[in-house]
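**Student:** I'd like to ask some things about the structure below.
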Amino acid sequence: MKKTFKIIDNKVVESNDTDSNILMYFSPDAEEKKFLTETLNIDEHTLSSALDPDELSRVEFEPEHVAFIMKRPRNYSGKDVLFFKVASMGIFIFADKLVIVLSEDIPLFEGKNFSKLHSLKDLTLKIIYRSILHFLEHLKIFNMVTEELESKINKSMENKYLINLFTLEKSLVYYLNAINSNILVFEKLKYYSAKIGFTVEENEFLDDIIIENTQCYRLADIYSNVLSNLMDARASIVSNNINLLMKTLNIITIGIMVPTLVVSVFSMNVGIPLQDHPLAFWIILLFALISVAVLIFFWKKLKW
């Protein structure tokens with residue numbers, strides 16, 4: 001699917017005019033791919049990389065445009081069950097147009113960051129910045145969900161909450177890899193800023209983007225370490241709870257077995273002491289109680 005935009009009054013506005021110089025493709029079909037590769041001379045492999053979630057970020061300089069692939073977080077869906085995914089995005093900067101290729105239809109130009117635009121390169125940088133903010137928003141959600149799962153694990157012995165933590169930890173690994181991959185691209189953009197044609201203000205904004213992305217990576221790394229340590233701690237706590245439960249069950253079992261043994265001895269179908277005594281039942285019951293008392297005494301004495 002194709003959408004066209006242009007900058008009017010320093011804002012991105014959807015437009016069907018022939019002079020629209022911002023072209024956005026969501027999961028392009030065969031005809032649209034043919035137009036991108038044959039008419040705009042976009043490399044076919046680079047175009048495929050923009051739609052491949054496993055592709056690494058990179059920058060490539062072509063005769064007519066600058067192409068770079070970057071990672072962004074995918075919009076979360078309840079069907080993902082706490083698994084946050086990443087996707088690739090292709091941005092192709094031409095002299096007179098900007099082409100964006102995505103694997104899904106998303107509102108890319110929302111937010112106050114797109115209210116004051118001066119050029120296509122400025123728009124490119126703000127798209128990058130919006131992607132970083134999207135990562136940060138998801139990291140905040142990670143932290144909130146982790147705290148909620150932690151409180152539930154403390155009250156429940158079910159495995160589903162631990163599985164949810166494993167899923168979050170897996171998502172953070174993908175996020176760390178994606179953010180780190182973007183760092184290399186942004187640094188390369190900074191290195192070739194003069195070749196790309198960034199202005200002084202755009203270079204300063206790119207510096208802010210690099211700093212923000214580095215902080216985003218550090219925050220994701222902290223959350224990943226905390227979650228990893230939390231998983232280890234929870235596994236130890238669950239194991240310890242099981243040991244305590246088994247110990248309690250063993251105490252109950254032994255506590256029942258001792259008086260049962262006493263009563264069983266006097267219940268055998270052979271000649272036994274007290275079998276003709278009128279108070280035999282109460283005497284045997286007293287022996288059973290004494291055995292329990294002795295057991296409790298030794299238990300406390302040995303501090304079991």
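**Student:** Give me the residue from segment 203-226 that is closer than 20 Å to L189 by Cβ and of a type in the set (V, I, T) and, out of that set, surrounded by the most Cβ atoms within 10 Å (Cβ to Cβ).
**Tutor:** Within segment 203-226, the match that is surrounded by the most Cβ atoms within 10 Å (Cβ to Cβ) is I209.
**Student:** Can I ask one more? Touching an Asp or Glu at 6+ places or on another chain (Cβ under 8 Å) and of a type in the set (D, E), is that true of D122?
**Tutor:** So D122 passes the test.
**Student:** Suppose we keep only residues that are part of a loop (DSSP other than H, G, I, E, B) and of a type in the set (D, E, K, R) within segment 1-55. Which one would you say is farthest from S119 (Cα to Cα)?
**Tutor:** Selected residue: D54.
**Student:** While we're looking at this one, here's another question. Kindly state which helices (runs of 4 or more DSSP H) lie completely within segment 116-233 and contain at least 1 residues that are of a type in the set (S, T, N, Q), assigned by TED's automatic domain parsing to the domain that holds I91 and under 26 Å from Y76 (Cα atoms).
**Tutor:** 120-155, 160-191
**Student:** Test of understanding: among S15, S49, which residue is farther than 24 Å from G197 by Cα, in contact with a Ser or Thr (Cβ under 7 Å, 6 or more places away or on another chain) and modelled with pLDDT of 85 or more?
**Tutor:** S49
**Student:** Let me ask another. For segment 64-84, indicate whether the set of residues that are of a type in the set (G, A, S), within 19 Å of the chain's Cα centre (by Cα) and modelled with pLDDT of 85 or more is non-empty.
**Tutor:** No, because not a single residue in segment 64-84 is of a type in the set (G, A, S), within 19 Å of the chain's Cα centre (by Cα) and modelled with pLDDT of 85 or more.
**Student:** Further question on the same structure: If you take the residues in segment 102-130 that are of a type in the set (K, R) and within 26 Å of the chain's Cα centre (by Cα), which one is surrounded by the fewest Cβ atoms within 10 Å (Cβ to Cβ)?
**Tutor:** Filtering segment 102-130 for residues that are of a type in the set (K, R) and within 26 Å of the chain's Cα centre (by Cα), the one surrounded by the fewest Cβ atoms within 10 Å (Cβ to Cβ) comes out as R130.
**Student:** Going by the conditions given, is N143 surrounded by fewer than 18 Cβ atoms within 10 Å (Cβ to Cβ) and in contact (Cβ under 8 Å) with a residue 40 or more places away in the chain?
**Tutor:** yes
Every residue, every condition in (1) within 24 Å of C216 (Cβ to Cβ); (2) surrounded by 15 or more Cβ atoms within 10 Å (Cβ to Cβ); (3) among the small types (G, A, S); (4) touching a residue at least 24 places away in the same chain (Cβ under 8 Å), yes or no:
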| residue | (1), (2), (3), (4) |
| --- | --- |
| E14 | no, no, no, no |
| D17 | no, no, no, no |
| Y25 | no, yes, no, yes |
| L36 | no, yes, no, yes |
| V59 | yes, yes, no, yes |
| R72 | yes, yes, no, yes |
| A95 | no, no, yes, yes |
| I100 | yes, yes, no, yes |
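**Student:** Then there is this: Is it true that L295 is surrounded by 15 or more Cβ atoms within 10 Å (Cβ to Cβ), part of a helix (DSSP H, G or I) and either among the aliphatic types (A, V, I, L, M) or modelled with pLDDT under 70 (or both)?
**Tutor:** Yes.
**Student:** Something else: Mind listing whichever residues of segment 44-57 are of a type in the set (A, V, I, L, M) and either under 25 Å from E31 (Cα atoms) or buried (at least 19 other Cβ atoms within 10 Å of the Cβ) (or both)?
**Tutor:** Result: L47, A50, L51.
The values are calculated or read from the model by the stated rules, or taken from the named source; none is laboratory data. The structure presented is a predicted model; accordingly, all values stated were derived computationally and were not measured. Glycine also receives a Cβ, built like all others from the backbone with ideal geometry; neighbour counts cover every protein chain displayed.
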